[in-house]
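Encoded as C-alpha cells, the structure appears first; notes follow it.
We did not get these values from a lab; they are worked out from the coordinates using the rules stated. On a predicted model such as this, the values are computed, not experimentally measured, just so you know. FYI the Cβ positions are ideal-geometry reconstructions off the backbone, even for glycines, and counts take in every protein chain you see.
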Amino acid sequence: MRPNHTPSPALSKSSAARHKFDKKANTELLYKGVLCALIGLAVLISPYFMSAPDLRSIVGGASLVGWFALVLGGSFLVQFGVRSWAALPR
C-alpha cells in the first residue's frame, strides 16, 4: 500500500508556473491564429478592391500565400480550441 502523498510546495509552484506558461502560450496561439487568418483573407480578397490592373495581377498572383496564411491561421485557432477544451474542468 502506498502512503498518502501530499505534493511538496516545490511541485505546486512549478505546476502554477506551468499553468501560467500554458495560459500565455494559448493566448499567443489565439493571437497568431487570428492575425494569420486576417492576413490570408486580406491577400485573397484585396485584388477585387484594387483599381490598378498591374497591382491587381501582382497581388492576385500571391493567392497561394494567402491560402497558406489562411490555413495556418485556421490550424492555430483549432489548436487553441482543442487546448482550451482539454483544460476545462470535468
When the charge dipole of region 19-65 is computed with +1 at the Cβ of Lys and Arg and -1 at the Cβ of Asp and Glu, the Cα pointing farthest to the positive end, of I39, S63, M50, is that of I39
Tabulate in residue order the Karplus-calculated ³J(HN,Hα) for region 23-30, using 6.51 cos²θ - 1.76 cosθ + 1.60 with θ = phi - 60°, rounded to whole Hz; enter x for Gly and Pro.
5, 5, 5, 5, 5, 5, 4, 4
